[in-house]
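Let me begin by handing over the structure; questions about it come next.
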Amino acid sequence: MAFMIITVKGTFTLSLPAERGTVRLTSGAEGDDRAVVTRAATGTTEELRYQLVDLEESGAATWYSVGAQTTQAWRPYNSEGIVMPIRYRTSSAIEVKFADFSALSRWGTRWAETRGLSVDEVEWTLTEKTRDRVADEVLTGAVRDATHRAEVLAKAAGQQTPRALAVADPGLLNDVSAVAPGGDLEPAGYRARAMAATGAPGGESVKLSPADIAVSATVHARFQV
């Protein structure tokens, strides 16, 4: 008896509000005296470290890290092409994860206005608990979408309800391209990034509006009718 094989892609996406905001900063100093530059950079970083400890103890931040100091040296050229005295820059990479977005806004603005600190970006994420909670939901949704697509195709072809033969992650079914027409099979991440804002006029904090986090799943499925 002749039978038909239907191979489809199923996708499902949930959009959830961000739950954490990780601020990435650089603390450093620059000048022509290496010792002076190092002391200035160390002072700025240590002052920031005290602030981070307070933020974690208050619950506004859940985690932070302070990277090791690195020093770069180079000889700049002036507009006439003459080599100038050697310059030094000492810096540290710093990250702090906020649960309190109002505190993130206030401190992000303050740090952006602080000499020796630069706010590089803010990364919005979900908590691990939420990611784990929705992982099964989006995967189930993707399988249901694949099943629905197969049923629609079977009905349009005048066939009976299809029976699932195989369900797999993208690219794991034979004869199925890793990228199918009409969609990108790369799963959407749990993160959304936004460049950090600089300080607002008059010392006001920038009101942040974090983007929703898209949590997606994609499957390939094969059915027989």
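Just want the ordering: Phe12, Phe98, from fewest to most Cβ atoms lying within 10 Å of their own Cβ.
Lowest count first: Phe12, Phe98.
Students often check this: by mean Cβ neighbours within 10 Å, which of 214-220, 114-120, 68-74 ranks highest, and how do the rest follow?
Per-residue Cβ counts within 10 Å, averaged per peptide and sorted highest first, yield 214-220, 114-120, 68-74.
Still on this structure, I have one more. Going by how many other Cβ atoms sit within 10 Å of their own, how do Lys207, Lys97 line up, fewest first?
With the fewest neighbours first, Lys207, Lys97 line up as Lys207, Lys97.
Roughly how many whole Å is it from the C-alpha centroid of segment 1-62 to that of segment 73-150?
Centre-to-centre distance over Cα atoms comes out at 4 Å.
Now for a different question. Once label points are set 7 Å from the Cα along Cα→Cβ at both Ala35 and Val83, what is their separation, rounded to one decimal in nm?
2.5
What length, rounded to one decimal in nm, is gained on full extension from Ala73 through to Leu16, with 0.36 nm per residue of separation minus their alpha-carbon distance?
So the chain would gain 16.0 nm between Ala73 and Leu16.
For segment 20-125, what's the radius of gyration and Dmax over Cα atoms, in angstrom?
16.0, 54
Expressed as a rounded percentage, what relative contact order does segment 20-125 have, with Cα pairs under 8 Å and six or more residues apart?
Computed value for segment 20-125: 46 percent relative contact order.
Values quoted throughout were computed directly from the atomic coordinates according to the rules given, and no laboratory measurement underlies them. Model, not experiment: these values are computed from the prediction. Ideal geometry is used to build each Cβ from the backbone, glycine not excepted, and the neighbour counts take in all protein chains shown.
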